[in-house]
1. Here is a list: VAL279, VAL253, VAL350. Which entry is of a type in the set (A, V, I, L, M, F, W, C), over 23 Å from ASP369 (Cβ atoms) and either modelled with pLDDT under 85 or open to solvent by 50 Å² or more (accessible area, probe 1.4 Å) (or both)?
2. Of all residues in segment 282-320 being more than 30 Å from PRO458 (Cα to Cα) and part of a loop (DSSP other than H, G, I, E, B), which is modelled with the lowest pLDDT?
3. Take segment 18-29 and flag every residue that is part of a loop (DSSP other than H, G, I, E, B) and more than 8 Å from the ligand (Cβ to nearest atom).
4. Given SER324, SER345, which one is surrounded by fewer than 16 Cβ atoms within 10 Å (Cβ to Cβ), in a helix (DSSP H, G or I) and touching a residue at least 24 places away in the same chain (Cβ under 8 Å)?
5. Give the residues of segment 208-253 that are at positive phi and without any contact (Cβ under 8 Å) to a residue 40 or more places away in the chain, sorted by residue number.
6. How about segment 381-418: which of its residues are open to solvent by 40 Å² or more (accessible area, probe 1.4 Å) and not in a strand (DSSP E or B)?
7. Take the residues of segment 70-102 that are away from the ligand (no atom under 16 Å from the Cβ) and more than 20 Å from VAL147 (Cβ to Cβ): which is modelled with the highest pLDDT?
8. Return the only residue of LEU247, LEU270 being aliphatic (A, V, I, L, M), over 30 Å from ASN322 (Cβ atoms), in contact with a strand residue (DSSP E or B) (Cβ under 7 Å, 6 or more places away or on another chain) and modelled with pLDDT of 85 or more.
Amino acid sequence: MQIPRPPIVVILGHVDHGKTTLLDYLRKSSIAARETGGITQAIRSFQLKTESLKLMTFIDTPGHAAFTAMRSRGSEIADIAILVISAVDGVMPQTRESIEFIKAAGIPFVVVLNKSDLPDSNPDKVKTQLTEANVIVEDFGGKIPAVSISAKTGQGLPELLEMLELLVSLHPPQSDPDLPATAVVLESRLDSQKGPLATVIVKNGTLRVGSAIYQAQVIGKARALIDSDGQNIKQAPPSTPVEILGLNTVPVVGSLISAAPMFPTKVPPLESRGDAGGVTESSGLNIILRADVAGSLEAILNALPPTVTVLSSGTGDITETNISTAKSGAGIVVGFNVKAPASVSKLAEVEKVSIYSFKIIYELLEQIDKLIVQPVVENILGRAQIIAQFKINTDRIAGCKCTEGVINKSHKIKIMRGDILVGETRIKSLKSGKSNVITVKSGLEFGAVFSPYIDFKPGDLIIAVEV
Ligand code: GDP
């Protein structure tokens, strides 16, 4: 059942306009003082209880231009935005960029005019600049609430929280805590002691210790959940930011993870296949990957599907050597936050090598998915789910349930794990109950022995195709 969940509030704005100081005051900790170089380097998150005991989740997003991609993700998971503008400096390039993100996300927002304790602060000047940027605040006859605050002294913060509560009451976010959790990855890294770590925000359902974690296939188990105060917790209900220990891979920032298996999205449902339909299956793709920094490079390499072969990878702009490698390896060049100098673009044109450039990791991954999905003319005749496994003598038997169509002993069998093709095989023996059979129909349970041997697991999907 859908019930209200705490709102997720994202703080956006130009660098140095006071986002960290504001959060800091709200959280009563001193993140700003501890930061290297004074610039917020990564998304952080915490929860706060307001005077009227309403829980809110805050996400701090970086303000530096290099973190544009991350910031856009911050606003995607948020229900409400706070646009922080220094009333001394006024509207700046990243303020305009933040306005674009908020508008694209279609979420309500509050303008915060910060640094009002300083003598040269000029809120009216900022409101006029905002009007020019098509954000008309309430004082100026518009609909956007604006609050003057000082993140340093705390002046105006009660009014800001009241304003947020009001916005929440107009657009109450909801979710179902009884579902298996889905969560968005805010930060992820490889810790030398603890292994892969991911900070996530639970969007729906409840994440529990002991739960398997999937991203198409299993990527580990939630061995421990740590909340934003560093405390071990047993479960994280909707809107809770939490760090997960126990993953066996570092999930890419901005991606979705789930406590329930995510079934193949690339295999169309039986009923939609039509006359010319068939299984779509992955074909190999060779790439040369270039990224601006090692962190992004590692995150992308970790998230690439296994059918992608990386011919070479490195940081920095795309080079002529990259184009030559792509040409000889029949591959493409993929750039993340890097440029291709004019001479390199020219060479790519001559050599007919495609260059794909991205600023957002999930867009890169989506494009790669599109490139590796190619239609193959094979008719899907049935599907089944492997629900158990048994061993009789030397045979490994898959206990299955036919979920769609029919499965016949003559069919070619594809075993899928998430959207990964585990392998192709044939049915050596097919049994329904105690009898040997040739065909099983939708709804029936059956046992199958495959030959050649295939390392199936309960949870895998069987697709029967016509030869
Ligand atoms: P961010 O880059 O947006 O996170 O900005 P910070 O929170 O790091 O703030 C940048 C600088 O402005 C820091 O030196 C803060 O101490 C200062 N600052 C932030 N808010 C205020 C404020 O309300 N009043 C004054 N006087 N200084 C502020």
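The values are calculated or read from the model by the stated rules, or taken from the named source; none is laboratory data. Here the structure is a predicted model, which means the values were calculated and not measured. All Cβ positions, glycine included, derive from the backbone under ideal geometry; neighbour counts span all protein chains shown. Note: accessible area is taken over every heavy atom of the protein model, side chains too, but ligands, DNA and RNA are not part of it. Shrake-Rupley method; radii C 1.70, N 1.55, O 1.52, S 1.80 Å.
1. Selected residue: VAL350, the only one of VAL279, VAL253, VAL350 that is of a type in the set (A, V, I, L, M, F, W, C), over 23 Å from ASP369 (Cβ atoms) and either modelled with pLDDT under 85 or open to solvent by 50 Å² or more (accessible area, probe 1.4 Å) (or both).
2. Within segment 282-320, the first condition is being more than 30 Å from PRO458 (Cα to Cα), and the residues that meet it are 286-298, 310-320.
Subset that is part of a loop (DSSP other than H, G, I, E, B): 292-293, 316-319.
Working: ASP292: 86, VAL293: 82, GLY316: 88, ASP317: 92, ILE318: 93, THR319: 90.
Step by step, filter segment 282-320, then rank; the result is VAL293.
3. LYS28, SER29
4. SER324
5. As a first pass, look at segment 208-253 and keep what is at positive phi: 210, 216, 220, 230, 239, 246.
Within segment 208-253, GLY210, GLY220, GLY230 qualify.
6. Once the filter is applied, which keeps residues that are open to solvent by 40 Å² or more (accessible area, probe 1.4 Å) and not in a strand (DSSP E or B), segment 381-418 yields ASN393, THR394, LYS409, SER410.
7. GLU100
8. LEU247
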